[in-house]
1. Determine which member of the set 216, 220 is out of contact with any strand residue (DSSP E or B) (no Cβ under 7 Å at 6 or more places or on another chain) and in a loop (DSSP other than H, G, I, E, B).
2. Take the residues in the stretch 151-176 that are in contact (Cβ under 8 Å) with a residue 60 or more places away in the chain and under 31 Å from the mean Cα position of the chain (by Cα); name whichever of them is farthest from residue 210 (Cα to Cα).
3. Just checking, which of 165, 190, 151 is closer than 30 Å to residue 109 by Cα and of a type in the set (Phe, Trp, Tyr)?
4. Of all the residues that make up the stretch 168-203, how many are assigned to a helix (DSSP H, G or I), charged (D, E, K, R) and touching a helix residue (DSSP H, G or I) at 6+ places or on another chain (Cβ under 7 Å)?
5. Kindly indicate the residue of the stretch 46-93 that is loosely packed, with under 14 Cβ neighbours inside 10 Å and within 16 Å of residue 114 (Cβ to Cβ) and also nearest to the chain's Cα centre (by Cα) among those meeting that condition.
6. Kindly indicate which of 96, 136 is at pLDDT below 95 and either exposed (fewer than 15 other Cβ atoms within 10 Å of the Cβ) or aliphatic (A, V, I, L, M) (or both).
7. Only one of (1) crowded, with 17+ Cβ neighbours inside 10 Å; (2) of a type in the set (A, V, I, L, M); (3) modelled with pLDDT of 90 or more; (4) over 21 Å from residue 57 (Cβ atoms) fails for residue 141. Which number is that?
8. Given the criteria within 24 Å of residue 126 (Cα to Cα) and either touching a Leu at 6+ places or on another chain (Cβ under 7 Å) or among the polar types (S, T, N, Q) (or both), does residue 56 qualify?
Amino acid sequence: MAEKENRKPFLVIGLGRFGLAVAEQLTRQGKEVLAVERDPEIVQRWSGRLTYVVEANATDIEALRQLGAQEFDTAIVGVGTSIESSVLIAVNLVDLGVKDIWVKAITPAHGKILRRIGANHIIYPEHDAGVRAAHLVGGRMLDFIEFDDDFAIVKMHPPKETQGFTLAESQVRSKYGVTVVGVKSPGEDFTYAQSDTKVTSRDVLIVSGHVDLLERFAARP
């Protein structure tokens, strides 16, 4: 049953940078993808590299119906140049009964409209990339993933005060309010952190906690 769920096809509408990245990654993961794009040149360019690529105007519900969009459980809308087109496509997918709808939004107002008409997931790729970059530039962090309520997980180099000590000895949790989840040493597998895990200068830490506390910890020399 789990294998059958994993093989369900995905509908991707719009092959701009975002939509194409989603379609390519799903294809690499072995998923079946039907990509819909209204620009014939883009359709021709990617027709041999994705599972299925068709030329159609997704703002037309009849065009989507003829493609069998109503048979898909999950759709991703990557149209970002036109808010009107994005909203119309999302409305069509809702009307066709697609259960899980992911839509790229340009602005918070755009996202608010999409959510009100029934889109399940709103994505702000430019905003999210900007926030991530702001946390990474010029700092100790190597990667940054933020969740709800200002909670985040980061990959970072260890501050000097943790190097050469076990996590119990450096007391990261009590001093800084963040939790070292794991440690990755060069050439070794990732290991979940224990109190007796010793940190070296070559290690990479996976740390979780409130964004402000993580920033404070990552700012340590």
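1. After applying the criteria, what remains is 220.
2. Here the answer is 159.
3. Answer to the check: 151.
4. Number of matching residues: 0.
5. 81
6. Among 96, 136, only 136 is at pLDDT below 95 and either exposed (fewer than 15 other Cβ atoms within 10 Å of the Cβ) or aliphatic (A, V, I, L, M) (or both).
7. The one condition residue 141 does not meet is (3).
8. Judged against the criteria, residue 56 is not a match.
The values are calculated or read from the model by the stated rules, or taken from the named source; none is laboratory data. Computed from a predicted model, the values in this text were never measured in an experiment. Glycine gets a Cβ as well: all are built from the backbone with ideal geometry, and neighbour counts include every protein chain shown.
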